Protein chains: 2
Amino acid sequence: MSRAMGLAGLLAGLFLVPAVLVSTSFRHDAPRTEPAPEPAEWEPPSGPEDSLWPLPQGLRTSGRQLQLAPGRFQLVHGAGSSAGPRCGLLQDAFRRYYEYMFGQSLRRSWGYRPFGPRAEAELSHLQVVIESRDPGCDSHPHLGSSEAYQLTVIAPVATLKADEVWGALRGLETFSQLVHEDDYGSFLVNESEIYDFPRFAHRGILLDTSRHYLPLKSILTNLDAMAFNKFNVLHWHIVDDQSFPYQSICFPELSDKGAYSYNHIYTPTDVRLVIEYARLRGIRVIPEFDTPGHTQSWGKGQKDLLTPCYNGEKPSGSFGPVNPILNTTYDFMTKFFKEISSVFPDAYIHLGGDEVDFNCWKSNPEVQEFMKKQGLGSDYAKLESYYIQKILDIVSSYNKGYMVWQEVFDNKAKLKPDTVVEVWMERNYAYELSNVTGAGFTAILAAPWYLDYISYGQDWRKYYSVEPLNFSGSEKQKKLLIGGEACLWGEFVDATNLTPRLWPRASAVGERLWSSRNVTNLQDAYRRLTNHRCRMLRRGIAAEPVFVGYCAHEARGQ
Amino acid sequence: MSRAMGLAGLLAGLFLVPAVLVSTSFRHDAPRTEPAPEPAEWEPPSGPEDSLWPLPQGLRTSGRQLQLAPGRFQLVHGAGSSAGPRCGLLQDAFRRYYEYMFGQSLRRSWGYRPFGPRAEAELSHLQVVIESRDPGCDSHPHLGSSEAYQLTVIAPVATLKADEVWGALRGLETFSQLVHEDDYGSFLVNESEIYDFPRFAHRGILLDTSRHYLPLKSILTNLDAMAFNKFNVLHWHIVDDQSFPYQSICFPELSDKGAYSYNHIYTPTDVRLVIEYARLRGIRVIPEFDTPGHTQSWGKGQKDLLTPCYNGEKPSGSFGPVNPILNTTYDFMTKFFKEISSVFPDAYIHLGGDEVDFNCWKSNPEVQEFMKKQGLGSDYAKLESYYIQKILDIVSSYNKGYMVWQEVFDNKAKLKPDTVVEVWMERNYAYELSNVTGAGFTAILAAPWYLDYISYGQDWRKYYSVEPLNFSGSEKQKKLLIGGEACLWGEFVDATNLTPRLWPRASAVGERLWSSRNVTNLQDAYRRLTNHRCRMLRRGIAAEPVFVGYCAHEARGQ
């Protein structure tokens, strides 16, 4: 596109063609004096989309730049919007994004630079128009929420249109990514037209607060980073064998005895804060209460919940998975999940169901007896399914959907049609996706994105190069894969290293789940990711470097 | 040793037997109710040496505990010490260690707990006695400095004896590690007797400030962590291909043009600050100015320094290593290293000499001509040696010793007898150590400790399990291995992730280089390292977790 091409031409373009970006070589690998690659005619070599992440589905920019004056520029509700100043979610987002765009400039001793002799027209407003009758200001995002938006940047007023506030949040992030500060302290944005929507509806980050407790602040910082990368699900793996930091209202002993200490607990207030902070950023919070395995910490505060293991004819003193043969177990779970269903507003609860070790069950004579009585023979996977089935039924009775790890499907539990099966085993995950979707179930892919596994170098490229739909199946099956999750298990992660270990590596997953399937160029992604990472740094996220180099804002002394 | 055994018995013991510590299983791997292993009779199961790191050479503790009152306890100069209140280095260390021991308590709203009904005697002072006539207060540590110390903790006054201040610094660290706070806010220390000295004289950390600039604060924080781990050399890989942050007094253009930006520079004041901060902690600063390779950034600010590469008969426009055939090169290097010799007080400068790519030299007709004239044939390793030889001679003329990477030795440069050869290539490093020491040169081992290479899990165990003297050679050769370095190259490391990536992984190297050869028990090391890491956290070092769990001070709300 030539720079002279007007906005009419811009608007007339098809929006669904992903932007073709100029490729560059790494700044520091190439010999110092190697000529830069030829930029395409229609686009400046260092364009405004140089730092867009994830890349929008449809993007047109012109070479024409507009200026923004931090002292005058406003984010406002547009005429005809169903949301107005009473929409706290948007008001909060306006304030946040204003700060992201101009904050550093406003804190400078010399303030922002008044307009100099530049010729650019001024962009005075971004007006946000929510088109759906119910904008969703006070609701929670859900699997079916619309995150699509359309952004038109022309002087003097830019317009961001979205069906619901969730799309507006995504569009505000994109708008803030388009605005850049030049070396003289001027804020500029290129005339642009963006039409955007996520490729997958479920784009999650798993945090594990059991192996190590994560302070509230770490979780909130991570929610900020998720919003910068258009993630929309916090999968909160809140309890596990090692500790039980969730403070239950009905069963306070669980955390009293099962948390690492009284200072390693999430109170009801903490939990509400996380949910609200996430909601304001368009992020769902799906808690995971994994049973019947991974429950050692539950046993400390709940007598008789776990199976006593036997050594020959005597109890060994140690305990195994949840005891599936006692009525008291199901009485407890009924009350417990009733509480969980009300504390967490999301329509889904993750019920775990992974890695159940059968040895303890096998050792216990009462369990053996029960197996006989129930006609389960010696197939302990069936006992697991028996247990899981009951838990699923309990949770269903509270009108909640559930997510489960793949073993629950593999062991043939009877699942509600809206069950989401999370595929986590690295081996043959494509085959598992085929099977799960082939059986008509919705699936989430986590297997290739276990970010707790680290290795030397730019491993983001590996995460980036995964194509989730590369499994055999019909079009209908492909539609059943609704997204994925980057999982940061906590064995070796706590507040000291969470942020730099997760970001920007998870950003690679973020773009894979949001952008068009054919956005796969690693060189282009490298350039944008490097800039995106610098932007995260500026916004207070200690994201680690992608490779050698430095950030432009540091060179400016910011 | 029985608890009733008096101090006389304690003191009569041989000090060189390393402490045998109780082994435990990991807190979270073992089934919850497994019985704890039987503690040895003479030692409480959770003893005072539970968090000593690195483990002292000789250690005896009694079960008898002494109390310390933060409001009364003092670090003082003992009678007969050659150092007194005018010894700024020790005064500074007293202040620092007082803060490490009691700081958190003093900041608590309820202050420290006054003595309750406990029966422990009070320890009122630690007196420090420097026995050498010149304590070294105003000098810099060097390769031959004594770091040995003897620490006797008995009521009412503990005594720390050392030849020089450097040993006193190590002893203060050890004393501070012995003092612990109980759950009620009391500070306790066990009666102990420690005789300690380092196994190896050179215990270094390499930081790379060229691939990424490290803010001064990151470097200083790292120096703190080094002192906590008894490291004594900061190998400052200050410049490289990517950037030249060292601001030269004689050649300011080098950083003006070669640094990432004017904000990515170490001024002379910065450099002096690093050196002084390190000195106060008994840490030498050895700068590395690596030539003739790894010098792309030098070429930006120093015309004609690098070799022009040719493409056939024409210069290609790119540049290779330092140009070894021009007199101007040596004129420059003479002035440059004269400055470096005066800016950095250490007796050694690291001159690099690694990974020289010969292709550019080969392409250049003037270099080819020079080779013929000098009778070097087509052996470019000889040209490298020709260059290095001249640099070595220049640096020698300033009465400095030099360190070099192993290639300089491999290529048969004529080295001064006091040259230190750093072995870095992972393959066959034991063989290389044999060769280097067999030729009579002093060696430093870095090869197994490249901490920029990361992998999943507890890789500290791998670093810990290296035995540096496992190479074939005579006793005399073994003595020539004077230490090692943990290297954190900067391709993927900057201020966002430096600390958690380096610590406590480098602590494993720290103990290997300080403690006795037979301190190799991984279970015991795990327990101590976990506590040591928590102590680093309390002292402001964001060291990453060793494995699952939490820190006791967090449970106390600190």
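The values are calculated or read from the model by the stated rules, or taken from the named source; none is laboratory data. Quick caveat: nothing in here was measured; it's all calculated off a predicted structure. For neighbour counting, all protein chains shown are included, and Cβ atoms are generated from backbone atoms with ideal geometry for every residue, glycine included. Ligands, DNA and RNA are stripped out before the accessible areas are found, and what is left, the full protein with its side chains, is counted by its heavy atoms. Shrake-Rupley method; radii C 1.70, N 1.55, O 1.52, S 1.80 Å.
Below are the figures for this structure:
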| read-out | value |
| --- | --- |
| Where residue A:326 falls short, out of the listed (1) crowded, with 17+ Cβ neighbours inside 10 Å; (2) without any contact (Cβ under 8 Å) to a residue 24 or more places away in the chain | (1) |
| Selected residue (only one of A:343, A:356 is more than 14 Å from chain B (Cβ to nearest Cβ), touching a strand residue (DSSP E or B) at 6+ places or on another chain (Cβ under 6 Å) and among the β-branched types (Val, Ile, Thr)) | A:356 |
| Any hit, segment B:195-217, residues being more than 14 Å from chain A (Cβ to nearest Cβ), farther than 25 Å from residue B:504 by Cβ and surrounded by fewer than 23 Cβ atoms within 10 Å (Cβ to Cβ) | yes |
| Scope segment A:518-549; condition more than 14 Å from chain B (Cβ to nearest Cβ) and either modelled with pLDDT under 95 or not in a helix (DSSP H, G or I) (or both); matching residues | A:518, A:519, A:520, A:521 |
| Of all residues in segment A:218-228 being of a type in the set (Gly, Ala, Ser) and within 14 Å of another protein chain (Cβ to nearest Cβ), the one that is least open to solvent (accessible area, probe 1.4 Å) | A:225 |
| Of all residues in segment B:229-285 being aromatic (Phe, Trp, Tyr) and open to solvent by 40 Å² or more (accessible area, probe 1.4 Å), the one that is nearest to residue B:502 (Cα to Cα) | B:277 |
| Filtered residues of segment A:298-322 (kept if facing chain B (nearest Cβ under 9 Å), open to solvent by less than 40 Å² (accessible area, probe 1.4 Å) and either among the hydroxyl-bearing types (Ser, Thr, Tyr) or closer than 26 Å to residue A:264 by Cα (or both)) | A:299, A:318 |
| Selection within segment B:149-179 - part of a loop (DSSP other than H, G, I, E, B) and either buried (at least 18 other Cβ atoms within 10 Å of the Cβ) or without any contact (Cβ under 8 Å) to a residue 40 or more places away in the chain (or both) | B:154, B:156, B:163, B:164, B:179 |
| Condition broken by residue B:364, with the remaining ones in (1) open to solvent by 20 Å² or more (accessible area, probe 1.4 Å); (2) over 34 Å from the mean Cα position of the chain (by Cα) satisfied | (1) |
| Single match in B:370, B:344, B:337 (criterion: in contact (Cβ under 8 Å) with a residue 40 or more places away in the chain, more than 28 Å from residue B:248 (Cα to Cα), open to solvent by less than 40 Å² (accessible area, probe 1.4 Å) and of a type in the set (Phe, Trp, Tyr)) | B:370 |
| Filtered residues of segment B:256-278 (kept if more than 14 Å from every other protein chain (Cβ to nearest Cβ) and more than 12 Å from residue B:343 (Cβ to Cβ)) | B:273, B:276, B:277, B:278 |
| Hits in segment B:286-297 (condition: open to solvent by less than 10 Å² (accessible area, probe 1.4 Å) and either among the small types (Gly, Ala, Ser) or within 13 Å of chain A (Cβ to nearest Cβ) (or both)) | B:293, B:295, B:297 |
| Number of positions in segment A:373-389 that are in contact (Cβ under 8 Å) with a residue 40 or more places away in the chain and more than 33 Å from the chain's Cα centre (by Cα) | 1 |
| So residue A:79, is it free of Cβ contacts under 8 Å to residues at least 40 places away in the same chain, of a type in the set (A, V, I, L, M) and more than 23 Å from residue A:224 (Cα to Cα) | no |
| Failed item in (1) of a type outside the set (S, T, N, Q); (2) surrounded by fewer than 22 Cβ atoms within 10 Å (Cβ to Cβ); (3) within 19 Å of residue A:512 (Cβ to Cβ); (4) more than 14 Å from chain B (Cβ to nearest Cβ), with residue A:427 passing the rest | (3) |
| Number of the condition not met by residue B:555 [criteria: (1) within 12 Å of chain A (Cβ to nearest Cβ); (2) touching a residue at least 12 places away in the same chain (Cβ under 8 Å)] | (2) |
| All helices (runs of 4 or more DSSP H) inside segment A:438-515 with 1 or more residues being within 14 Å of another protein chain (Cβ to nearest Cβ) and surrounded by 18 or more Cβ atoms within 10 Å (Cβ to Cβ) | A:460-464, A:498-502, A:505-514 |
| Conditions (1) within 14 Å of another protein chain (Cβ to nearest Cβ); (2) within 24 Å of residue A:326 (Cβ to Cβ); (3) of a type in the set (D, E, K, R); number of the one not met by residue A:253 | (1) |
| Evaluation of residue A:49 against (1) modelled with pLDDT under 95; (2) open to solvent by 20 Å² or more (accessible area, probe 1.4 Å); (3) not small (Gly, Ala, Ser) (one fails), failing number | (2) |
| Among the residues listed as B:163, B:240, the single one being in contact with a strand residue (DSSP E or B) (Cβ under 8 Å, 6 or more places away or on another chain) and under 30 Å from residue B:336 (Cβ atoms) | B:240 |
| Helices (runs of 4 or more DSSP H) lying entirely in segment A:185-291 (those with 3 or more residues that are touching a His at 6+ places or on another chain (Cβ under 7 Å)) | none |
| Any hit, segment A:488-502, residues being touching a Phe, Trp or Tyr at 6+ places or on another chain (Cβ under 6 Å) and in contact (Cβ under 8 Å) with a residue 40 or more places away in the chain | no |
